[in-house]
Amino acid sequence: MNPGPQEPNRGEPDEEGPDGRADDIDGHPRGWIHPDDRLWRHPSEIAASPAQALLHAGEGSGRTRIMIVVGAVAALAAVAWTVILLSPSSDRPPSELLSGNGSDSPVTTLAGDIQALPKAALSASRAMVQLRVVTATGVITLVGVGVAEGGLVATTADGLNGVRSIAMIGNGGRLLRASVVAVDKASDVALVNVPDDVPVAPFADDASLAAGSPDMTLSMVAPSTTTMALRCTPGLITAVGTPVAVGPALGMASITSTAPSAPPEAGDLLLNSAGAVVGILYGPDASRPVFLPTSLILGVTDDLRSKSRVTHGWLGVDGPDSVTTTGATVAAVVAGSPAEGMLHPGETITGIGSYPVRSMAELRARLYVLAPETAVVLSVLDGTVTRIVDVTLSPSP
């Protein structure tokens, strides 16, 4: 009887045939099938690799060959992870922080010393920023106040003459690039965009103000630490509707107060007793605290934001700029103007809409922010009789 196939002893190599395969005594493969004759393949047989070469070139048991493959794969994985872990962080694009310090602290100068401020002034104080302007003649600082969302702040325009660069001063004195949106020289009002969504300040019209009304001035003062400090100075209104005597806003209405800013800085805020902003400090007149009214500021900045310029209506009357207790006295009516045939010399305009008119300068400032073709209602005093005049403004000549 011919002996059947015998299993090789574990640890002993099979006998190899001419083709290098371990054959049985009849020349047939013993347990191993060529890959071309199988429906499956081991991963090590799919592509040539150093591990596969070792598997087929050496002599040893199947377990030894598998251990060689596993070891080679593990070595390659270890190398790959080492490369990943040791990759420098500089290979990745850094994330830029506007604040520059990676903290959650505000980037503006809003976080001043507010402990000493009256509670009523807190909202307005958070809407203040300090601007650093480099001009052809030097470096100056201005105060801006938030007038619209998206970092739009108002300030005085004369400080921007010959501007080369403008920045918002952030915490620790960091300079954050800002930009001038537009300037209106006739009112001395400018609109600036800063890199922070500054809160919009609470504003109030000056219609309710009168000589003797209590007020407050908010000023930025030199910091004792790295944070700007704010100072609130109480005072009293001395006049409303006073014409500006010097500078680019000549003839526009202003508000004067006994409360000087300390130290004075163009753009400092004038607040009423409730803490609402009623004016910003006009820089060119350093002889006294003169503030441009917010009715003018808001009207101008709204035009600058939407049209980059002011297009104002024209009535066509002229008269003295002196402040009176009655209103704006008409001295002359321009021929061909909207006022021709509607108003007459010697009459006094005491109101426009629901707002009082206390001087020709105040009438001029209120008309300045109204667009052409706007219909206005004037209260006109003729002797002792008050009459209502409806008139439509025309484009400025």
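Worth a mention:
- Members of region 142-171 that are out of contact with any Lys or Arg (no Cβ under 9 Å at 6 or more places or on another chain) and among the hydrophobic types (A, V, I, L, M, F, W, C): 143, 145, 153, 154, 160, 163
- Exactly one residue out of 274, 249, 266 is aliphatic (A, V, I, L, M), outside any strand (DSSP E or B) and under 20 Å from residue 358 (Cβ atoms): that is 249.
- If you check 199, 214 for being more than 20 Å from residue 252 (Cα to Cα), surrounded by fewer than 24 Cβ atoms within 10 Å (Cβ to Cβ), outside the structural domain of residue 123 (by TED's automatic domain parsing) and touching a Lys or Arg at 6+ places or on another chain (Cβ under 6 Å), only one passes: 199.
- Checked against the criterion of being touching a residue at least 60 places away in the same chain (Cβ under 8 Å), under 21 Å from residue 293 (Cα atoms), surrounded by 18 or more Cβ atoms within 10 Å (Cβ to Cβ) and within 33 Å of the chain's Cα centre (by Cα), region 346-359 contains not a single residue that satisfies it.
- The one condition in (1) of a type in the set (S, T, N, Q); (2) at pLDDT below 95; (3) assigned by TED's automatic domain parsing to the domain that holds residue 236 that residue 294 fails to fulfil: (2)
- In region 117-141, residue farthest from residue 230 (Cα to Cα) [restricted to those that are surrounded by 15 or more Cβ atoms within 10 Å (Cβ to Cβ) and of a type in the set (D, E, K, R)]: 132
- Per the listing 378, 370, the residue uniquely crowded, with 18+ Cβ neighbours inside 10 Å and assigned to a loop (DSSP other than H, G, I, E, B) is 370.
- So residue 177, is it surrounded by 15 or more Cβ atoms within 10 Å (Cβ to Cβ) and either under 24 Å from residue 351 (Cα atoms) or in contact with a strand residue (DSSP E or B) (Cβ under 8 Å, 6 or more places away or on another chain) (or both): no
- Those strands (runs of 3 or more DSSP E) of region 120-174 in which at least 2 residues are modelled with pLDDT under 95 and in contact with a helix residue (DSSP H, G or I) (Cβ under 6 Å, 6 or more places away or on another chain), considering only elements entirely within it, cover 138-148.
- When 296, 281, 315 are checked against the criterion of being touching a Gly at 6+ places or on another chain (Cβ under 7 Å) and crowded, with 16+ Cβ neighbours inside 10 Å, a single residue qualifies: 281.
- Every residue from region 178-218 that is of a type in the set (S, T, N, Q), closer than 22 Å to residue 365 by Cα and at pLDDT 95 or above: 187, 213
- In a residue-by-residue description of region 309-332, the property of being among the charged types (D, E, K, R) and within 27 Å of residue 209 (Cβ to Cβ) applies to at least one position.
- Residue in region 280-295 that is farther than 18 Å from residue 143 by Cβ, under 24 Å from the mean Cα position of the chain (by Cα) and not in a strand (DSSP E or B) present: yes
The values are calculated or read from the model by the stated rules, or taken from the named source; none is laboratory data. All values derive from a computational prediction rather than experimental measurement. So basically every Cβ, Gly included, is an ideal-geometry build from the backbone, and we count neighbours across all protein chains shown.
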